[in-house]
Amino acid sequence: MKLKYFSHSSFLITLDSGSRLLIDPFLDGNPTSPVKASDVEAEYILLTHGHGDHLGDTLEIAKRCDSLCICENELASYLAGKGLQAHNMHIGGSYSFDFGKIKLTQAWHTSVTPDNECVGAATGIIIFVENKIIYHMGDTGLFLDLKLIGQLNPIDYLLVPIGDNFTMGIDDAVMACSFVNPKSAVPMHYNTFDVVNADPEVFKQKLEDKGLNCQVMEFGQEINL
Ligand code: NI
Ligand code: MN
């Protein structure tokens, strides 16, 4: 299995089975993305919420690739209304797809589409694939229930926002990692715009000071999991 980071909160998971899971594909409008939406293909698109920097290029990619969009109920209904294939879920629920299992978690955030439709709650996404557990936190503030989420799900990779202003900043993100206790943390949602500037190496050092592992991914880098 491979994990590729496009910057911001956008990742592509390519499974050994060949299935591709694209998460929060904010590419064409993203000044830090090394790829354009037209460069990307995916059988599945996982979305944390409806904000433009997460919904991104979903409509274009899903139409071209006939992707199944997997996300929270109201956002899924919104996408279905645009003619896309969508699987409606909600916080606390899990479902087994042919590639693996998805479970949605809460996220302290809102969810509105770029055309100003309120689409339910923002979420995090726990992805159970090929004997690994990846937890994409979406956009969120810090919350104590992360301890419970980490206790119930032994997380291998925690994708954690550090850019502050709209999400946790570095210090709250370090505490989130100590609550979840993943095998490794990958920072995201930083340096896309001035308002979310943060130094991932400072985050990494603070995690290592607490005995936690961190992998800072370059924008465009792909790693083997
Ligand atoms: Ni957001
Ligand atoms: Mn965001």
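What follows is calculated from the coordinates using simple rules that are stated; it is not laboratory data. Note that this is a predicted model, so its numbers are computed, not measured. Please note: Cβ atoms are built from the backbone with ideal geometry, for glycine as well, and neighbour counts cover all protein chains shown.
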With the contact rule set at Cα under 8 Å and sequence spacing of 6 or more, what percent relative contact order holds for segment 60-148?
20 percent
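Over the chain, what is the relative contact order in whole percent, taking alpha-carbon pairs under 8 Å and six or more residues apart?
Relative contact order here is 17 percent.
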Could you work out the longest stretch of the chain that avoids the GluC sites (Glu not before Pro) located in DSSP loops with at most 16 other Cβ atoms within 10 Å?
131-217
So what's the gap between the Cα centers of segment 156-212 and segment 60-76, to the nearest angstrom?
28 Å
Cross-link reach from residue 103 to lysines, straight Cα distance under 18 Å and at least 8 residues apart if same chain, gives 132, 147
Label-point separation, residue 178 to residue 17 (7 Å along Cα→Cβ), nm
3.8 nm
Residue 57 neighbourhood, Cβ < 14 Å, K/R = +1, D/E = -1, net charge -2
Give me the Kirkwood hydrodynamic radius of the chain in Å, from all C-alpha pairs, to one decimal place?
17.1 Å
Summed over the other residues with a beta carbon less than 10 angstrom from that of residue 47, with K and R at +1 and D and E at -1, the charge totals -2
